[in-house]
Amino acid sequence: MAEDIILSTAGLTKEFAGFRAVSGVDLKVRRGSIHALIGPNGAGKTTCFNLLTKFLAPTRGTIVYNGRDITREKPAEIARLGLVRSFQISAVFPQLSVKTNVRIALQRKRGDSFDFWRSERRLKSLDAEAEALVEAVGLTPFRELSAGELSYGRKRALEIATTLALDPEMLLLDEPMAGMGREDIDRIETLIRKVSAQRTILMVEHNLSVVASLCDRITVLARGQVLAEGDYAGVSKDPRVVEAYIGSGGGHGHH
Amino acid sequence: MTDLATSEAPAGAALAETDDGTARLHRAILIGIAAALVVAPFVAYPVFVMKVLCFALFALAFNLLLGYGGLLSFGHAAYFGMASYVCAYTAKNWGLTPELAILLGTAVAAGLGTVFGALAIRRQGIYFAMITLALAQMVFFFSLQTPRFTGGEDGIQAVPRGKLLGLLDLTDDRALYWLVAAIFMAGLLAIYRIIHSPFGQICKAIRDNEPRAISLGYRANQYKLMVFVLSAALAGLAGATKAIVFQLASLTDVYWTMSGEVVLMTLVGGLGTVFGPIVGAIVMVTMQNYLATLGAWVTVIQGVIFVACVLLFREGIVGVIAKAIKKPL
Ligand SMILES: Nc1ncnc2c1ncn2[C@@H]1O[C@H](COP(=O)(O)OP(=O)(O)O)[C@@H](O)[C@H]1O
Ligand SMILES: [Mg+2]
């Protein structure tokens, strides 16, 4: 069976002063799937994301996205290729309003915004779309608030709205639901399922019930290495996975 | 939940009002400033007002970089001072008309800003600041070592004010005042527009969170370089204008204390506020003028006021007012 792989890595390795945070990871993400990257804290999941989006340079290994070797690209160029990430530490523009945060991403449609001589009134045409995205993540009552004043969970929601505003071909979400209440988790889960229709999603998530219901495929990472890979049923029965989770005390959810 | 693809959320009424309300307030303030400029030469010494305007423009340019680009330059005297030298030199030795001399000074500042900015933006935070300082010190030593161009310790004195466009004699303070007021107003409007442009939005985003802006596909360094060059050019415009006003360009203009003064003015007035630097410049220049008889004590008093400002209201004078009326100023 020929698989349509959108993103793959070969021997991906990152060393920090001799310490191997990511070690020989071969990852294959199928186009159109929702792929989970799970593992105990410190397993190297965030480091993987940083490598994939070029915020860190790999010590060894290659990354291929859409048939193109992106191992040496710059982070802004990765986003321009349609591979967009969110951050584990909620990344918003704190002094800008919630709506403006989303609009910053929508501005990318104009290409580069080097036009310092034009009025920002030009951007009003993006407002309706920005507000629709704000609505989709349930932040409408807060849309004029500075993003810095939002609670942690709402910042995460805003970050997802901002990421979606780019309409990326592939999304990397680092613990998108961390710090959210039940209701918000449901909302974001529904949203992710909906937007996954035309895209590929690779996500780190500790909430295993979310992973079980949302994700087609799961890669388990421990100590920087791939421990197991498969669907939820297969992976959750794997004794090594159970041990890694219990052994490190890093597991969350209904395990 | 709203359908992402199809929903057309109506623009909230309350929201549109806030935006327009702020814009209206700003327009009113800009008109107020223009009116004040018309009245000022009749109630205060024109030379004093012109000095305030030159420094206010300098501080506005600096604030564009720090307050909206998030880039702290410790070397803005380089652009202010070099433009001042170029303007003075070309007006005196090449006989350029004042507007051409000022434009040339501004252009040289922009060129210097392009080179220095490109070197500095490779580093972040305090390293960025140190590089700008080091480069500015190079400009200072260059100025010191090339007396044929800068006049060395004496500076370039007796710079002719000349005739605007070769027609209008600027020897009279009142006549010159209108030119300086026009330059200031143009600079202020330009900076206001830059801050409120699509470009300004991305600058603010990069200031707030550079990695996030990059992850959205913005090539942050290009924006940082651009705002650096704009700031350097406007600082140069201020320095060149000052050379015509005082008919003098000197080492003081390129010395590091000048870089420090503009930081002070901006912080006292309100960093990251549109109008704060103007207030800061008024406060600092007024203080220097009226306390001039106290000699070296001026520096001490300035220091005390600065410390008091930072301790009492970190947002600066205009920042505090903006907070009180809950509107960005
Ligand atoms: N910049 C860094 N310098 C040194 N060590 C790091 C750095 N980033 C991450 N690490 C280490 O790499 C390991 C993996 O971290 P991380 O990728 O954040 O794990 P996860 O996201 O799976 O919890 C941890 O032991 C962490 O301390
Ligand atoms: Mg992590």
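The values are calculated or read from the model by the stated rules, or taken from the named source; none is laboratory data. Values in this document were obtained by computation on a predicted structure and should not be read as measured data. Quick reminder, even Gly has a Cβ in these numbers, built from the backbone with ideal geometry, and neighbours come from all protein chains shown.
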*For residue A:43, state whether it is touching a strand residue (DSSP E or B) at 6+ places or on another chain (Cβ under 6 Å) and more than 14 Å from every other protein chain (Cβ to nearest Cβ).*
yes
*Output yes when any residue across the range A:20-29 is hydroxyl-bearing (Ser, Thr, Tyr), buried (at least 17 other Cβ atoms within 10 Å of the Cβ), away from ligand 1 (no atom under 16 Å from the Cβ) and more than 26 Å from residue A:139 (Cβ to Cβ), and no when none is.*
no
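Which of the residues belonging to the range A:141-193 are among the aliphatic types (A, V, I, L, M) and either closer than 15 Å to residue A:131 by Cα or touching a Leu at 6+ places or on another chain (Cβ under 6 Å) (or both)? Break it down stepwise before answering.
First, the residues of the range A:141-193 that are among the aliphatic types (A, V, I, L, M): A:145, A:147, A:150, A:157-158, A:160-161, A:164-166, A:170-173, A:177-178, A:180, A:185, A:188, A:191-192.
Matches in the range A:141-193: A:145, A:147, A:157, A:158, A:160, A:161, A:164, A:165, A:166, A:170, A:172.
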*Identify, by number, the condition in (1) buried (at least 24 other Cβ atoms within 10 Å of the Cβ); (2) of a type outside the set (A, V, I, L, M); (3) not in a helix (DSSP H, G or I) that residue A:58 doesn't meet.*
(1)
*Return yes or no: is residue A:213 at pLDDT 85 or above, closer than 21 Å to residue A:86 by Cβ, surrounded by fewer than 17 Cβ atoms within 10 Å (Cβ to Cβ) and of a type in the set (Gly, Ala, Ser)?*
yes
*So which residues in the range A:34-58 are away from ligand 1 (no atom under 12 Å from the Cβ) and of a type in the set (Ser, Thr, Tyr)?*
A:53
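Condition check ((1) more than 16 Å from ligand 2 (Cβ to nearest atom); (2) more than 16 Å from the chain's Cα centre (by Cα)) across all residues:
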{"position": "A:21", "(1), (2)": "no, yes"}
{"position": "A:36", "(1), (2)": "no, no"}
{"position": "A:43", "(1), (2)": "no, yes"}
{"position": "A:65", "(1), (2)": "yes, no"}
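Restricting to the range B:244-275, what's the tally of residues that are in a helix (DSSP H, G or I) and within 21 Å of residue B:138 (Cβ to Cβ)? Break it down into steps so the answer makes sense when it comes.
At the first step, the residues of the range B:244-275 found to be in a helix (DSSP H, G or I) are B:244-246, B:251-254, B:256-269.
Imposing the further condition that a residue be within 21 Å of residue B:138 (Cβ to Cβ) reduces the set to B:251-254, B:256-263.
So the count comes out to 12.
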*Give the residue that is nearest to residue A:13 (Cα to Cα), with candidates limited to residues of the range A:42-76 that are in contact (Cβ under 8 Å) with a residue 12 or more places away in the chain and charged (D, E, K, R).*
A:60
*Search the range A:225-236 for residues that are more than 27 Å from residue A:60 (Cα to Cα) and pair each with any residue that is aliphatic (A, V, I, L, M) and exposed (fewer than 15 other Cβ atoms within 10 Å of the Cβ) when their beta-carbon atoms are under 6 Å apart and the residues are at least 6 apart or on different chains.*
none
